[in-house]
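This report concerns only the one structure given below.
The values are calculated or read from the model by the stated rules, or taken from the named source; none is laboratory data. What you see is a predicted model, and the numbers here were worked out from it, not measured in a lab. Cβ placement follows ideal geometry from the backbone for every residue including glycine, while neighbour counts extend to all protein chains displayed.
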Amino acid sequence: MKTDTLFYELFKNFPSIFFELIGKPDTDVSSYQFTSPEVKQKAFRFDGLFLPIDEATDKPIYFVEVQFQKQKKFYSRLFSEIFLYFYQYEPPSEDWYVVIIYRRRSTEAECHPRYQNLLSNHVQRIYLDEIGNLGEQSLGFGIIQLVVESPNQAGDFARQLIAKTTTDLADVNLQQQVLELIETIVLYKFPNLSREDIEAMLGLSELKQTRVYQEAKEEGREEGREEATLKTKLAMIPKLRQLDLTAEEIAEFLELDLEIVQQHL
């Protein structure tokens, strides 16, 4: 699993960590959706994109790029992608920012002077090796720090995060998601170890056998089944419409709220 994939999963499942990282922890994360759109022609793909869900123009777009290796012409490619995205998708937002996550300053490529205005006004650079002890204070920062932690320190640091997760998070389902993410990150650092080995190393084997954890896991499975059922029903709406059924009849047949049916007609 690539590092940018880890960050994609992190921000997709825990978007509040991203806004905490850029110094805007009070942002309403429910007003954004996190995607990884492809820009056609050159097959560019962003590492991530926080796009406002509604059509409000006052909420900025946040592009996310993870750069752990120095890449020549990085800024030329990045700004080309962004403006090609604007041309193809025409998002309503009036403003936009790029958040670039570097492992350290030495991995940043030189930026051509012609991009300095964009760099000054639209780009925020974050160097993970300069986060310092924020990883000990914040669970979100700690998970990000775990991604770049050396294998020698990763086990001990992961166990600290696990302890912090079980004490700081009251929501058992959220606890389970965070613990699984921590386990996945450590597994990425030790590709020669099995998941069972990682569980034993982190002390997760006993935790996963507790009744509370098992109930949360089963609840998560049930939510997954319900989500799959909903997707199937939503896919049926236009087909039922072709049979000249009214929105009210479709809602009754699929056992959905009328408003949901109307949104998908």
So is Lys24 in contact with a helix residue (DSSP H, G or I) (Cβ under 8 Å, 6 or more places away or on another chain) and either surrounded by fewer than 14 Cβ atoms within 10 Å (Cβ to Cβ) or not assigned by TED's automatic domain parsing to the domain that holds Pro92 (or both) or not? no
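Does Glu248 qualify as being part of a helix (DSSP H, G or I), at pLDDT below 75 and surrounded by 10 or more Cβ atoms within 10 Å (Cβ to Cβ)?
When the stated conditions are applied, Glu248 does not pass them.
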If you take the residues of segment 174-217 that are more than 21 Å from Glu9 (Cα to Cα) and loosely packed, with under 10 Cβ neighbours inside 10 Å, which of them is modelled with the highest pLDDT? Asn192
Quick test of your reading of the structure: Tyr87 fulfils all but one of (1) modelled with pLDDT of 95 or more; (2) over 23 Å from the mean Cα position of the chain (by Cα); (3) closer than 17 Å to Phe46 by Cβ. Name the failing condition by number. (1)
Being among the hydrophobic types (A, V, I, L, M, F, W, C), modelled with pLDDT under 90 and not in a helix (DSSP H, G or I) is the requirement here; does Ala170 meet it? yes
